[in-house]
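The values are calculated or read from the model by the stated rules, or taken from the named source; none is laboratory data. Please read all numbers here as calculations on a predicted model, not as lab measurements. When we count neighbours, we look across all protein chains shown, and the Cβ atoms used for this are built from the backbone with ideal geometry, even at glycine. What goes into the accessible areas is simple: the full protein's heavy atoms, side chains included, and nothing from ligands, DNA or RNA. Shrake-Rupley method; radii C 1.70, N 1.55, O 1.52, S 1.80 Å.
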Number of protein chains: 2
Amino acid sequence: MWVPVAAGRRGLTVAIAAAAAGLALAMAALRWRRRPVREVLFFPSQPSCTEALLAEAAGPGAPVQPCPCPLPRSDCSLSRLLRRLLSARRSLDICLFAFSCPQLGLAVRLLHRRGVRVRVVTDAQYMALRGSQIGLLRLAGIQVRHDQGHGYMHHKFAIVDRRMLITGSLNWTTQAIQTNRENVLVVEDAEYVKLYLDEFERIWEEYSPTTNSSLSQGQ
Amino acid sequence: MWVPVAAGRRGLTVAIAAAAAGLALAMAALRWRRRPVREVLFFPSQPSCTEALLAEAAGPGAPVQPCPCPLPRSDCSLSRLLRRLLSARRSLDICLFAFSCPQLGLAVRLLHRRGVRVRVVTDAQYMALRGSQIGLLRLAGIQVRHDQGHGYMHHKFAIVDRRMLITGSLNWTTQAIQTNRENVLVVEDAEYVKLYLDEFERIWEEYSPTTNSSLSQGQ
């Protein structure tokens with residue numbers, strides 16, 4: 001059987017056009033896939049009221065009282081950090097030298113109350129200082145482990161839902177948030193998350209009361 | 001003119017094969033492009049001797065004396081951090097709360113001697129402590145600026161050649177490197193580098209002696 005050359009060429013053109021369209025579609029699909037979070041927060045954070053954000057996170061059953069404070073409700077580095085943490089649905093692993101910021105402490109307790117599995121690793125020396133949130137976290141039933149020995153447990157990172165890494169120079173203290181020059185990098189990146197999660201698990205096991213009988217644990 | 005159907009089909013097959021080969025080549029080229037640096041260093045660093053690394057960085061004219069110390073010459077987090085810094089060819093911008101590690105101080109001075117434009121921003125309170133490297137950097141002619149006022153300049157990041165970001169919890173002190181639990185994230189990523197570089201420039205200008213007459217500057 002014979003067909004005209006023109007028809008053969010037309011078939012070729014159609015095939016190439018179809019391949020190009022398929023490639024364009026695949027590339028568009030890649031572009032439209034939700035872009036992973038990539039954010040950097042710099043501190044000091046502008047003063048702003050986070051009460052509404054925390055009340056909203058407490059859920060529909062919680063009483064909502066308009067905050068009478070004069071601070072603006074605008075977006076700031078602290079509110080952005082709170083939102084990233086409050087996005088947790090399944091787990092929150094925190095590895096933090098100093099934790100005394102009441103708003104961040106409340107956010108972590110709200111997550112625990114919502115059923116998120118919260119684990120905290122902290123520094124033994126700092127957690128004993130006045131104003132530390134660690135006692136309140138333990139009272140709420142959150143698992144806390146701490147170092148024992150030389151040096152500081154000086155990390156300042158958290159992992160949300162085993163998918164988002166929050167890391168930087170910031171201790172979660174009011175002084176650091178309101179006064180210091182600090183940075184926090186937020187990234188959804190499987191490679192980085194795995195490395196930090198592995199470090200978290202190493203420390204979690206090392207500081208386990210069953211591994212080291214001189215350590216205490218929240219529950 | 002007429003050609004057999006078989007010949008038309010053959011042409012189509014050849015064209016598709018050529019397109020597929022082209023696509024495969026393009027993908028291979030993408031894979032073979034130098035992969036941007038993505039590294040995480042955890043501390044404490046294993047004890048190891050970094051003398052050979054620093055002697056090599058001092059250049060061919062520098063005297064090489066075998067180090068008599070008993071420490072292993074193996075790779076460790078400190079040597080990896082040193083290598084990343086010593087890869088600088090044009091610029092090194094450092095924004096660091098505490099800087100007292102002699103090896104890192106020597107590396108920064110070597111870079112300055114090699115003609116790399118080094119700028120350092122640090123915390124006024126910490127730089128005054130004994131063991132700080134800041135005095136040696138200034139003596140070597142490196143530009144140093146520091147904060148003046150409330151709060152700490154608590155950042156711990158550096159930018160190599162305006163292309164590689166080094167950031168984390170680590171202050172560049174021997175205590176932190178040898179004893180603490182710390183992390184350092186190294187990333188070649190234009191988006192992150194720009195954000196941190198902008199922060200560096202903001203601080204550099206803010207701490208300028210011409211902006212604030214109460215501040216001093218190395219040169």
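The figures follow:
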read-out	value
Cβ neighbours within 10 Å from other chains - mean over A:94-104	1
1.4 Å probe accessible area per residue over chain A, in Å²	51
MRE, 222 nm, helices only [DSSP H, n ≥ 4, -39500 (n - 2.57), over chain A, to nearest 500]	-12500 deg cm²/dmol
Gyration tensor verdict on region A:62-187 (Cα atoms; rounded if a/c is under 1.5, prolate if a/b is larger than b/c, oblate otherwise)	rounded
Residue A:75 accessible area, assembled protein chains, probe 1.4 Å, Å²	70
Separation between Cα centres of region B:180-201 and region A:153-179, rounded to whole Å	15
Chain B: radius of gyration and largest Cα-Cα distance (Dmax), Å	24.4, 92
Nearest-first distances (nm) between copies at residue A:129, label 7 Å from Cα via Cβ	1.2
Cα gyration tensor shape of region B:120-182, rounded if a/c is under 1.5, else prolate or oblate by comparing a/b with b/c	rounded
Residue B:136-residue B:37 FRET efficiency (beta carbon distance; Förster radius 25 Å; 0.05 resolution)	0.35
The protein assembly as shown shape via C-alpha gyration tensor axes, a/c threshold 1.5	oblate
Across the identical copies, how the residue B:48 labels are spaced - nm, sorted shortest first, 7 Å along Cα→Cβ	4.4
Share antiparallel - DSSP beta bridges, chain B, percent rounded to 5	65
Using a 7 Å Cα-to-Cβ projection, residue B:26 label spacings across copies, nm, ascending	1.0
Summed buried accessible surface, chains B and A, 1.4 Å probe, nearest 100 Å²	4000
Kyte-Doolittle at least 0.0, axis length at least 27 Å by Cα - qualifying DSSP helices, chain B	B:5-32
Gain on full stretching of the segment that runs from residue A:129 to residue A:69 - 0.36 nm per residue minus C-alpha separation	18.8 nm
